[in-house]
Amino acid sequence: MRTWPSVGRVSQLSSADTETPEAAAPQIDEAREAVLAEVTARLGEGVVGSHIRPGDDLWIRVDRANWVAAAEAAKAMGYRFFDFLSAIDWLPSPFGRDMDSQEDRIVSGAPAKEPEAMVQGYAGGETRFQLLARVYSITAGMGITFKCDLPDDDLTAGTWSNVYAGANWHEREAREMFGFSFDGHPNMINLYLPADFVGHPLRKDFPLLARRVRPWPGIVDVEPMPGVADEEGEGE
Amino acid sequence: MGLVESGKLPKPLAKLLNISRKYSIWAYQWGLACCAIEMGAAFASPRYDVMRLGVIPFPASPRQADLVVIAGTVTDKLAPAVVRLYEQMPDPKYVISMGSCANCGGPYWDSYSVTKGVDQLIPVDVYVPGCPPRPEALLEGIILLQERIAHEDMAERWKGEPIVVG
Amino acid sequence: MTAVSDPQSVAALAAEAVDNRVNLDFETEGMTLNMGPQHPATHGTLRIIARLDGEQVISAEPMCGYMHRGYEKLTEVRTYPQINALINRIDWLGSFANEVPFILAAEKLMDVEAPPRAQWIRTILFEMSRIANISLFLGDFGLQLGGMTAGFYAFRDREWVLNQIESATGGRFHPNFDRIGGLKDDLPKGWIDSSHTAMDKLLAFCDELEDLLVGNEIFQARTRGIGVIPAETALSYGLSGANLRASGVDWDLRRDNCPPGLVYDKADWKVWTHPDGDCFARTWVRLQETREAAKIVKQLLDTIPSGPVMAKVPRIIKVPEGEAYVATENPLGEMGYYVVSKGDLVPFRVKIRSASFNNISIVPWVARGAYVPDLISILGSLYFILGDIDR
């Protein structure tokens with residue numbers, strides 16, 4: 001039976017029969033290292049960050065000028081299958097899980113929450129918005145996840161749709177969900193939302209108004225059952 | 001039908017008309033999401049066989065239908081189409097709202113794009129709860145609607161006054 | 001086995017042939033045809049705006065969004081178990097298959113592995129939902145092309161699988177049976193025997209449908225040579241699943257990059273491809289896939305190991321910080337979840353890569369030059385679920 005490659009932590013959770021005491025020595029994934037080296041060779045200074053989870057996945061962060069070049073390089077390397085293109089808004093949500101805004105907390109007398117620091121994920125990052133795209137090679141059986149920082153004052157990037165035709169719709173979706181624009185895109189109109197929709201829903205500062213009116217009734221789900229939590233898990 | 005419009009229909013005749021209306025419902029299938037498949041199972045599959053209840057499930061157009069089953073999530077983008085469909089149907093017309101999404105928004109109660117209940121747009125006669133409701137539940141809903149039709153005062157219904165929602 | 005020797009040139013040739021077929025030199029007044037949002041031949045509410053030149057389609061642009069429910073935003077305000085209940089409804093015909101990649105992604109981040117018995121049952125239910133999904137496609141595609149009988153047969157025999165899913169999970173449609181670290185429950189008594197019976201019925205249904213529909217002359221006339229998609233184009237649009245295999249690309253995530261937690265390597269089965277890339281090929285590949293799925297289920301039913309169905313996980317699930325992408329071969333194609341976790345009760349961001357979204361984005365390309373009735377064949381054979389496009 002195959003098991004997940006260790007993510008670098010020793011698991012405290014797996015059951016006794018599946019527990020595998022793996023050595024803490026870092027594994028080297030030669031195939032993905034080679035892919036990373038080739039992308040770096042093609043893009044030169046364009047690669048600004050990378051992350052490899054051995055035996056599992058590869059993340060490469062490129063700068064904005066090389067965003068389209070990254071797609072061309074990947075396609076030339078045999079990564080012909082286009083998976084998806086989207087984005088991540090790294091801003092910690094000003095509303096939190098219950099969607100209470102700071103103003104609501106102050107009105108109800110609760111202490112204002114300290115805004116959390118913005119922390120980007122694998123392969124690093126410097127800006128709030130990051131493009132995220134993934135391509136796959138059927139022959140190599142590996143995928144690459146590309147990331148690209150977009151500065152707040154200029155949310156534009158080149159279009160991938162000339163390289164991967166499937167990116168066309170994904171970029172339209174990213175446009176309406178995050179408010180980006182893609183240079184050279186042939187048909188930059190709304191895909192999902194009505195034309196008069198205000199706001200960009202997947203931005204972290206877009207509030208879900210229904211939640212503001214009435215908090216999520218299922219919140220009890222995450223409270224520990226009396227007496228059970230202590231023995232079974234790390235109840236809060 | 002002058003008698004009906006003037007509200008002077010003799011009771012036995014009204015009852016007879018109601019019974020015949022009750023067993024000849026032309027149902028338009030407005031399948032939107034998951035519920036559409038369960039509605040298909042109820043309407044088109046030999047196992048559930050809706051025709052034994054006197055429902056004819058295949059009108060070609062809403063203009064020939066007496067009943068529309070709103071089965072699935074109604075989004076704000078789709079809402080004008082729902083209203084237009086309802087307006088195309090001839091009176092007397094009935095609406096069954098099938099499933100949690102059409103009833104109240106269901107699992108998408110906090111979504112930014114979902115209409116929280118089709119009854120904000122058109123008047124609903126029967127709500128069928130479930131996510132999605134089983135085909136049997138829809139059949140039960142149709143039986144409830146038939147009861148309602150059987151006890152209806154047609155003169156009241158056919159006065160042509162607009163039904164106010166809410 | 002790749003049927004296309006030089007994909008680049010074949011794609012170029014195909015595009016050129018299409019341009020020749022659309023007779024743009026002979027000026028006729030164009031007409032715009034609006035299909036939908038409600039159309040009997042679509043599942044749900046896809047709207048297509050087609051510009052016609054006589055009987056030929058010059059351009060067809062799908063208008064999505066009539067079923068956009070905002071899954072990606074809603075996942076940011078729900079806990080992992082709650083998301084599991086929600087994402088059942090993306091591809092509503094193969095609900096169980098939607099849960100699996102998400103649960104696997106969460107397990108990957110938590111470094112948890114489900115016990116063997118749970119892995120077996122997951123794979124069995126996964127394949128059952130594939131059968132429930134594709135058998136309806138086979139019937140419904142016949143319905144769209146004017147053969148109503150197939151639809152009735154599909155609805156009848158599909159109930160065999162739904163009964164099995166229901167008796168094991170409690171849900172006919174949306175099981176919500178997967179948990180991080182295993183399954184909610186063990187199988188009920190007598191389930192394995194009744195599943196064997198159900199699979200036999202389904203195999204008989206496939207034979208019946210092959211005689212009834214796929215061998216039918218009218219059906220073949222309406223699907224053969226219609227909507228041809230070359231392999232290279234399919235890849236660059238990100239087509240997956242049977243649509244890709246029907247273009248001759250021998251790639252199946254179940255075999256080639258199966259995420260740990262599913263046990264496809266424990267069964268003997270075959271990935272079918274077809275070199276033609278037309279509507280008929282897509283239907284044919286799906287028919288074979290239904291058969292293979294029934295075979296996988298029958299083999300796995302006989303080898304289920306004993307043991308628990310749930311690993312030891314905390315009651316309150318907090319997923320450690322990290323990012324993971326897990327994709328599985330769902331009935332409609334590759335479905336994956338890119339989960340970004342910040343170590344909280346809720347994920348920070350979930351990107352849902354649904355198969356139909358990519359599959360249907362090729363419609364403007366493939367519909368160009370087709371005749372209006374062929375548009376139905378093309379849409380039907382690409383096989384989309386609206387919830388899977390719009391999410």
task: Within segment C:264-329, list the trypsin sites (Lys or Arg not before Pro) lying in a DSSP loop whose Cβ has at most 12 other Cβ atoms in a 10 Å radius.
output: C:Lys270
message: Could you report the accessible area of A:His51 in Å², rounded to 10, computed with a 1.4 Å probe on the protein chains as they sit in the structure?
response: 60 Å²
- prompt: In segment C:112-127, which residues give up 40 Å² or more of accessible area once the other protein chains are added, compared with their chain alone (1.4 Å probe)?
  reply: C:Glu113
query: Given a Förster radius of 60 Å and the C-beta distance between B:Ser20 and C:Thr303 as r, what FRET efficiency does 1/(1 + (r/R0)^6) yield to the nearest 0.05?
result: 0.50
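Total accessible area buried between chains B and C, 1.4 Å probe, in Å² to the nearest 100? Let's see the in-between values first.
Numbers: alone 9040 and 16000 Å², together 22300 Å².
In total, chains B and C hide about 2700 Å² from solvent.
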Rg/Rh for segment C:58-387, where both radii come from Cα atoms and Rh is the Kirkwood radius: 0.97
query: For segment C:58-387, what is the accessible area per residue in Å² when the probe is 1.4 Å?
result: 24 Å²
query: Which residues, if any, in segment C:213-240 have at least 20 Å² less accessible area in the whole protein complex than in the isolated chain, probe 1.4 Å?
result: C:Glu232, C:Leu235, C:Ser236, C:Tyr237
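Based on the alpha-carbon gyration tensor of segment C:122-258 and its eigenvalue square roots a ≥ b ≥ c, which shape applies: rounded if a/c is under 1.5, prolate if not and a/b is larger than b/c, or oblate? Could the numbers behind the result be given before it?
On the way: a/c = 2.57, a/b = 1.34, b/c = 1.91.
Oblate is the answer for segment C:122-258, as a/c is 1.5 or above yet b/c matches or exceeds a/b.
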statement: Of the accessible area of segment C:58-387, computed with a 1.4 Å probe and all protein chains kept, carbon and sulfur make up a percent value of 53 percent
field: Surface/4 of the Cα convex hull for chain B, nm²
entry: 9.5 nm²
- line: Helix B:34-44: inclination vs chain B longest Cα principal axis, degrees, rounded to 10, gives 40 degrees
- line: With R₀ set to 56 angstrom, the calculated FRET efficiency between the beta-carbons of B:His151 and C:Asp344, to the nearest 0.05, is 0.55
- request: Holding the Cα-Cα limit at 22 Å, pick out from A:Lys204/C:Lys342; A:Lys75/C:Lys270; A:Lys147/C:Lys73; B:Lys77/C:Lys73 the pairs that are longer than that.
  value: A:Lys75/C:Lys270
statement: Amide H proximity to B:Tyr94 below 5 Å, modelled H, separation 5+ or other chain, gives B:Leu67, B:Val68
message: Using only protein heavy atoms and a 1.4 Å probe, how much accessible area in total is buried between A and C, to the nearest 100 Å²?
response: 6500 Å²
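The values are calculated or read from the model by the stated rules, or taken from the named source; none is laboratory data. Here the structure is a predicted model, which means the values were calculated and not measured. Cβ coordinates were reconstructed from backbone atoms using ideal geometry, including for glycine residues, and neighbour counts include every protein chain displayed. Please note that ligands, DNA and RNA were not included when accessible areas were found on the heavy atoms of the full protein model with its side chains. Shrake-Rupley method; radii C 1.70, N 1.55, O 1.52, S 1.80 Å.
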